[in-house]
1. Treat each spin label as a single point 7 Å out from the Cα along the C-beta direction, and report the N49 to I8 distance in nm.
2. If you keep only loop residues by DSSP, which GluC sites (Glu not before Pro) in segment 1-67 have at most 15 other Cβ atoms within 10 Å of their Cβ?
3. Using label points projected 7 Å from each Cα along Cα→Cβ, tell me how many nm separate R94 and R23, to one decimal.
4. Using Cα-Cα distances under 8 Å and only pairs 6 or more residues apart, what relative contact order does the chain have, in percent?
5. Using the Kirkwood formula over every pair of different C-alpha atoms, what hydrodynamic radius in Å results for segment 3-88?
6. With Cβ to Cβ distances under 12 Å as the rule, what net charge do the other residues near A67 carry (K, R +1; D, E -1)?
7. Summing Lys, Arg as +1 and Asp, Glu as -1, what charge do residues with Cβ under 11 Å from the Cβ of S82 carry, S82 excluded?
8. ³J(HN,Hα) across segment 57-71 via Karplus (A = 6.51, B = -1.76, C = 1.60, θ = phi - 60°), whole Hz, x for Gly/Pro?
Amino acid sequence: MTKMFAVIGLDKPDHFARRQEVRPAHLAYWEEKTDAMVLAGPFLDENGNAVGSMMVIRAADHDAATALVGADPYATEGVFASVEVKPWNWVIKRPEHI
């Protein structure tokens, strides 16, 4: 049985350009893992630039979720300064197919 995990990845300061360079690989990575990805999007600064990511993913357990996120190009290519992976339960406005 899979569980859901919320992922908070915060970028290193002044890494917007690096994020943009790595973004195609990040998107391709998660496109290959469509069964794991539930939803995702960037955190924005006051100018509308991405400064981090929020994702909800599916995985068998916390170790598997952490491994998935650890292989994300934003993690492997040095965009993220920190990453938190926490068990998460979708309660409000949960789509029927989840």
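Every number here is computed from the coordinates shown, using simple stated rules; none is lab data. The shown structure was predicted, so the numbers you read here are calculated from the model rather than taken from an experiment. When we count neighbours, we look across all protein chains shown, and the Cβ atoms used for this are built from the backbone with ideal geometry, even at glycine.
1. Here the answer is 2.2 nm between the modelled labels.
2. Here the GluC sites (Glu not before Pro) that fit, given the DSSP loop and packing criteria, are E46.
3. 3.3 nm
4. 46 percent
5. 12.8 Å
6. Numbers: positive: K33; negative: D61, D63, D72.
Around A67, the charge tally is -2.
7. -1
8. 10, 9, 7, 5, 7, 4, 4, 5, 4, 5, 5, 4, 5, x, 8
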